[in-house]
Every structure is written in C-alpha cells, then in structure tokens.
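Written out below as structure tokens is the structure these notes cover.
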C-alpha cells in the first residue's frame, strides 16, 4: 500500500497535508525517514511513525464496548454524544460499523467492527442472532409468561408486528432477563409495555454466547479475540439446556 494512502485512510490528514508531512521528513518507516509519498509499505509488517507518534494499524478490528447511557449508537452527534466519542483515538482511526444499535438511554454490550460483512451477519433478521437484555421496571414483576408467546408491537414504521417468543431467563422484583432473536424498533420496551411494565433501564448483557465483561467500565471498549468473535454466533440456549 502507498504510504500516503495508508496515512489518509487512518485519518491522519488530507492527501495534501499527509504529502507535505512526508516531504518535510516527519514520517519514518522502520526507523528510516521516508520522503516519497508513493513509497510502498506493508501495513502488517512495517512500523510507521508520524511526527514522533507510532501509527497503530489493525488489519482486522472488532470491539466489545460497554455503552454508557446518554450516548447515541451513530457516528452523528445530532441527537447527543456519539458512542464513537468514547473510543480511544487508535480505534476511531478505523472505519467502524455498529453491529446492532442500542437506544440512547440504554447501556451495555455494543459490537463495533471494521468488517461490514460481520456487521451484516450479526444484524440480518434471517440469522436470528440471540441478544440478552437485563431489564429494570418501574413496577414489580409478577409474571412474564405472556412473553414466551408472540405479542403484538409496532415496527419502525408503526405497523403491527407479532414478535417471536422470548426466552424469559429471570423475572423477580423489578428485574428481568430476556433473550430475543429479533431487533425491531424499541422491541424490548414495547414487549414489556405489552405486559403492563414500563422499563426504567435497559442493558444488553450478551450477543450470542459473548457476554459483556463485568469489569469493562461504561464507555470503555476493548478488542475481541478470534475465539470471542465466534462466540457471537453461538447459541447460549443449547449450553443452558445441558446444565
């Protein structure tokens, strides 16, 4: 890859400003100053430094993030601070997709990935990737048995929609844990409203068999290993049935 394209792709500046930095001797490759913008590098093997800063490059990048309430699952900050603003700059330099958004007031597990194919696989309705939510309600929960059967909600275009049955994993006091395999507009909140419970807080705690790290602070993110990426597509229900 050309050196100037490499730096522009990682958002170190425009083509013009990057070319000037290279001409001015501010860029080194493997410890040697390089002044040609068309010099070719191997991003996975070569060590690039710009103005004293090591350039961090991920050939494959997928993150687990613990979204904090009040942030929007979008690159735009028109409706409030974006989750991308909480990311370390080395992550923000890569073009990341959110694989399954959360409401602004919700918290918990977000997956962000530089691989568009992975984001599509996780969010495509036909894949039915299970997502597990911890729910707190304003009123005491008596029973969520109705949610084990289809309930009627509205989709994102205000059309009636019958949900698939949910898995009710826990329901006690003002707390419940549900697992669903769909992703309609405000689905969990609407499902709870269908059984006369208003949600006071919603937190996603797992996607597939990948659980949110208990020690990952709100607003923080970390990279996923290849094994953890595979967990995203595993069904935790099969393991629970064997327990």
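Tabulated values for the structure
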| quantity | calculated |
| --- | --- |
| Added length on full extension, which subtracts the Cα-Cα distance from 0.36 nm per residue, residue 77 to residue 227 | 50.7 nm |
| Segment 2-53 pair-distance distribution - Cα-Cα, 5 Å bins, rounded % | 5, 24, 39, 27, 6, 0 |
| Principal semi-axes in Å for segment 58-133 [√(5λ), Cα gyration tensor, largest first] | 19, 17, 10 |
| Cα extents of segment 122-181 along the three principal axes, largest first (Å) | 33, 24, 18 |
| Gained length - residue 195 relative to residue 145, 0.36 nm times residue gap less alpha-carbon distance | 17.1 nm |
| Simple spin-label estimate for residue 234 and residue 38 in nanometres, 7 Å along Cα-Cβ | 5.0 nm |
| Prolate/oblate/rounded call for segment 127-243, Cα gyration tensor, a/c under 1.5 rounded | prolate |
| MRE, 222 nm, helices only [DSSP H, n ≥ 4, -39500 (n - 2.57), over the chain, to nearest 500] | -5000 deg cm²/dmol |
| Inter-label distance for residue 123 and residue 56, nm, one decimal - labels placed 7 Å from Cα along Cα-to-Cβ | 2.5 nm |
| Least to most buried among 215, 95 (fewest other Cβ within 10 Å first) | 215, 95 |
| Relative packing of peptides 85-91, 187-193, 152-158 - highest average C-beta neighbours within 10 Å first | 187-193, 85-91, 152-158 |
| Pairwise centroid distance, computed over Cα atoms, of segment 87-156 with segment 1-42, Å | 39 Å |
| Options (1) 56, 47, 41; (2) 70, 41, 33; (3) 48, 39, 39 - which one matches Cα extents along the principal axes in Å as calculated here | (2) |
| Rough spin-label spacing in nm, given labels placed 7 Å along Cα→Cβ, for residue 90 and residue 211 | 2.8 nm |
| Packing rank of 125-137, 96-108, 71-83, where each peptide gets the mean count of other beta carbons within 10 Å, highest leading | 96-108, 125-137, 71-83 |
| Cα convex hull volume per residue for segment 90-151 (Å³) | 121 Å³ |
| Segments 229-237, 41-49 sorted - mean Cβ within 10 Å per residue, highest first | 229-237, 41-49 |
| DSSP beta bridge pairing in the chain, given as percent antiparallel to the nearest 5 | 95 percent |
| Largest-first principal axis extents of the Cα set of segment 1-132 (Å) | 51, 30, 21 |
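Values in this text are rule-based calculations from the coordinates and carry no lab data. None of the values given here were measured: they were computed from a predicted structure. Here Cβ is always computed from backbone atoms with ideal geometry, including for glycine, and neighbour counts include all displayed protein chains.
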